[in-house]
1. When residues of region 98-127 are filtered for being within 26 Å of K36 (Cβ to Cβ) and hydrophobic (A, V, I, L, M, F, W, C), how many remain?
2. Quickly run through region 35-68 and pick out the residues that are within 20 Å of the chain's Cα centre (by Cα) and either over 19 Å from Q87 (Cβ atoms) or free of Cβ contacts under 8 Å to residues at least 12 places away in the same chain (or both).
3. Being closer than 30 Å to K27 by Cα and either among the hydrophobic types (A, V, I, L, M, F, W, C) or at pLDDT 95 or above (or both) is the requirement here; does V76 meet it?
4. Which of the residues spanning region 96-142 are closer than 30 Å to Q84 by Cβ and either hydrophobic (A, V, I, L, M, F, W, C) or exposed (fewer than 10 other Cβ atoms within 10 Å of the Cβ) (or both)?
5. Just the residues that are outside any helix (DSSP H, G or I) and out of contact with any helix residue (DSSP H, G or I) (no Cβ under 9 Å at 6 or more places or on another chain), please, taken from region 78-113.
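The values are calculated or read from the model by the stated rules, or taken from the named source; none is laboratory data. What you see is a predicted model, and the numbers here were worked out from it, not measured in a lab. No Cβ is skipped: glycine too gets one built from the backbone with ideal geometry, and neighbour counts run over all protein chains shown.
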Amino acid sequence: MARIKGKLLKTGIDSRRFMRPACAAIKAHELRNKNKAELVKILDEQKQQLANIRVQKVAGGKLQEIGEARKNVARVLTVINQTQREQLRLFYQKKRFTPLDLRVKKTRAMRRALTPFEKSKKTVREQKKLAHFPLRKYAVKA
């Protein structure tokens with residue numbers, strides 16, 4: 001009773017959901033092992049494949065492949081951008097200032113708050129007071 005091409009299976013589920021797209025998905029973890037030149041080459045190939053699928057669509061090709069191809073292009077671009085930003089973060093790690101787009105976002109209040117060092121600073125008067133009147137330590141015999 002299970003037929004292919006959009007017919008209902010024995011369970012009553014549409015068979016199109018289980019059909020594999022012709023354009024196979026690229027795995028992001030595999031892309032992360034490649035260098036920039038290889039990634040750019042893969043990106044060009046994927047864009048070319050997307051263009052071919054668009055031409056086929058006009059001629060009445062499969063629409064499902066377009067979504068997969070677009071996601072492949074997006075995956076490659078994402079990996080390129082993430083690796084680039086990671087390298088920039090490492091470059092600016094020991095520098096005095098980091099670019100605004102590489103800084104941690106947090107919240108406006110948190111960015112403007114005092115640093116722990118600034119919070120712990122004490123005035124000369126407070127230092128003298130703490131030195132002259134330390135916390136009394138004593139125990140009461142029960």
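1. Residues that pass the stated criteria total 3.
2. Those that are within 20 Å of the chain's Cα centre (by Cα) and either over 19 Å from Q87 (Cβ atoms) or free of Cβ contacts under 8 Å to residues at least 12 places away in the same chain (or both): N35, E68.
3. yes
4. Within region 96-142, R96, F97, L100, D101, L102, V104, K105, T107, R108, M110, R112, T115 meet the criteria.
5. Scanning region 78-113 gives Q93, K94, K95, R96, F97, K106, T107.
Okay, residues lined up against (1) modelled with pLDDT of 95 or more; (2) of a type in the set (V, I, T):
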site	(1), (2)
K57	no, no
E68	no, no
I80	yes, yes
F91	yes, no
D101	no, no
R112	yes, no
E118	yes, no
T123	yes, yes
K129	yes, no
